[in-house]
Structures are given as structure tokens and as C-alpha cells.
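Shown next, in C-alpha cells, is the structure this report addresses.
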Amino acid sequence: MASFPSNFALEHSMASAQNSHSPASSPSFMTRVAMRISRSRWFTFLRRVFHYQNGPRSDLGSNPFNSSTWMMLELIALLVQITSTTFTLAISKSEKPIWPMRVWIAGYDIGCVLNLLLLCGRYHQLHVTQGNNALTLSELEQQRNNEESSVYRSSHLIDKCRSSLELFFAIWFVMGNVWAFDSRFGSFPQAPKLQVLCIILLSWNAICYSFPFLLFLLLCCCVPLMSTLLGYNMSMGSSARGASEDQISQLPSWRYKGVHTNLDLGNDSQSSERLINEDPECCICLAKYKDKEEVRQLPCSHLFHLKCVDQWLRIISCCPLCKQGLQR
């Protein structure tokens, strides 16, 4: 995926916000939404899927579709399809479609049942592999001669069955489209329940088949566009390098009163005045400190505008100048 100059875009957006004196509620809200999206589990999973499908062979990592969460979602989807198709076939015995719509739905139901058995085999194989990985080296040497051939045979058989089922569903999808949407053989008046179920199943399969294209549009078109407009690199933010709200709130902050006056810091007013004299402007937005503006000090003693540095720390938890990280 293409990388974007997030730091420059962030500085540019902050500088424009400071100079125009416009309310920052709208862009800050959109940025917070983008941060939450980029750090959510589903967005991280989609990036893993895209990397696994399009990354180099030497850096594929683990298959995200073998995770327990994804297998549970597959199980729920298969059970819903099997239940709906079986129930519809049972209550629509009196319907007589022109084309063998009932045969198509019955074949789809059988394919879902076979896919459910295949999912159980994948789950069992995954647990066998994890159990072997938990064994010691000596135990692995003892079991290698007995189990290695059977494990590889079962894995090869599961892959072949999965490819055959995918081919079957692809051919069945084309046949269902021909039977359901051909105007010369309309079956809705004679078989409304079967026709509606067929359209729902075809729509679901169309979404599943277009998933790689939709994923490409999301990660290669929509996400870079949002990153450019908001000045926040969502791909970088999804790696969870930002600081939490508790860490940011614990950093000292106060209102700036001027260069030659004392600051609201109690006994540390002299050191704070020296910091203002050394850093007369915020290096993030490149704007000078003004009276009654909120400023925040990092553990490295560098000073910034509160809004600027808070937004920076939510993206990367380090100082913009010296790159010193916050204490975890």
C-alpha cells in the first residue's frame, strides 16, 4: 500500500486551522472518527487479509481466515443459510416454478452442508497443528514418523475439497442468475417464496465474490483519500503507536500568560519562563504562543500547543522534536 506524508499533512492542517481562527470541532471530530476506525479490530483484520492476499510469499504470515473469530462467523453464516433454505423448501411444497428453482436451492443447501463439514475439518486440523507446536522437540521427533504423513494427507485433501466446493458454488451462482433473472422464465407468480430466497442467496454470493474488489477500493482508494484530507495516516495509526487518553491527560498543561510574566506552575515558574523564551513558537503548527493559550509540556521538557501536541500524541507517542517516547 502506498504511504503518505502524514507528518507534513498534519502540520499543514494544524497551521491552517491556527491561522484561519475557525472552530476546530468539525476536523477534530473527523480525525477522532478516523483514529477509532484505524485502531478497530475489523480494520486491522481487513489490512491483514489484504496483506495476506497481495503480499510477497516470504512475508505472508498466518492465514487470517484460520482465526477462531472468522471461523465462528463462517459457522453462523452457514447455519443461517442451511436453516433458511431448508425451512423455505419445507413450506413451499405447493409452489411450482417454471425453471427448477427448487433443485437449485436444494443443491445450494447441500453445498452449504458440505462446506460446514469442511469447516469442521479445518478447525480440527488447526487445533492439531497448534497442539503439535506446543510439544517439545523430543516429543515431536517421536510423533513425526506416525503423524506427519497423515497430517499432510488430510491437509491436501481439505485443500482439494475446498477448491472443488468453490468451483461448484461459482458454477451454481451463474446458473442461479440465469434461472432467477431471465425474463422469459419468470417464476415469481408461481413460486414467490423460492424466488425471493433465490434472489437473497444470489445477492449474498455476489457480495462475497466482490469482497476482494471492495477491499481494494477501501484500502487503496478510500483510506488514502481520507488520510490526505484529514492529515492523519490511517495505515500508520492502525499499528497502535499512539498514546492513550490517560497518558496524555497526565502530562502537565497550563495557560500561557506571556514571556516576562510568571506561569501557573507554582514553584516551577522560572524554568517554565525559560522554556517559553527558548521555544517562542510551537514547532508543530509553527505559530507563536499567544496570551491565555493552553500549552502542554512533554517529559523531555519541550513545550507545544495543547491541541497540537495532543493530536500528535494520539498518532505517535513521542516528542516531535527529540523523538523521546512517553513512559508506558
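Which members of the stretch 67-106 meet the condition of being modelled with pLDDT of 90 or more, more than 16 Å from Trp179 (Cβ to Cβ) and of a type in the set (Phe, Trp, Tyr)? Within the stretch 67-106, just Phe87 meets the criteria. Among the residues of the stretch 93-118, the one identified as of a type in the set (Ser, Thr, Tyr) and within 30 Å of Met72 (Cβ to Cβ) is Tyr108. Limited to the stretch 194-225, what total is found for residues that are closer than 19 Å to Phe45 by Cβ and among the small types (Gly, Ala, Ser)? Number satisfying all stated conditions: 1. For the stretch 71-109, a residue qualifies if it is among the hydrophobic types (A, V, I, L, M, F, W, C) and surrounded by 14 or more Cβ atoms within 10 Å (Cβ to Cβ), and the qualifying residues are Met71, Leu75, Ala77, Leu78, Ile82, Leu89, Ile98, Trp99, Met101, Trp104, Ile105, Ala106. Listed by first and then second residue, the pairs linking a residue in the stretch 187-206 that is free of Cβ contacts under 8 Å to residues at least 60 places away in the same chain to a residue that is part of a helix (DSSP H, G or I) and aliphatic (A, V, I, L, M), with Cβ atoms under 7 Å apart and 6 or more places separating them unless they lie on different chains, are Ile199/Ala180; Leu202/Ala180. Note on the stretch 284-306: among residues that are in contact with a strand residue (DSSP E or B) (Cβ under 7 Å, 6 or more places away or on another chain) and not in a strand (DSSP E or B), the one that is farthest from Cys322 (Cα to Cα) is Lys292.
The values are calculated or read from the model by the stated rules, or taken from the named source; none is laboratory data. The structure displayed is predicted, hence computed values, not measured ones. FYI the Cβ positions are ideal-geometry reconstructions off the backbone, even for glycines, and counts take in every protein chain you see.
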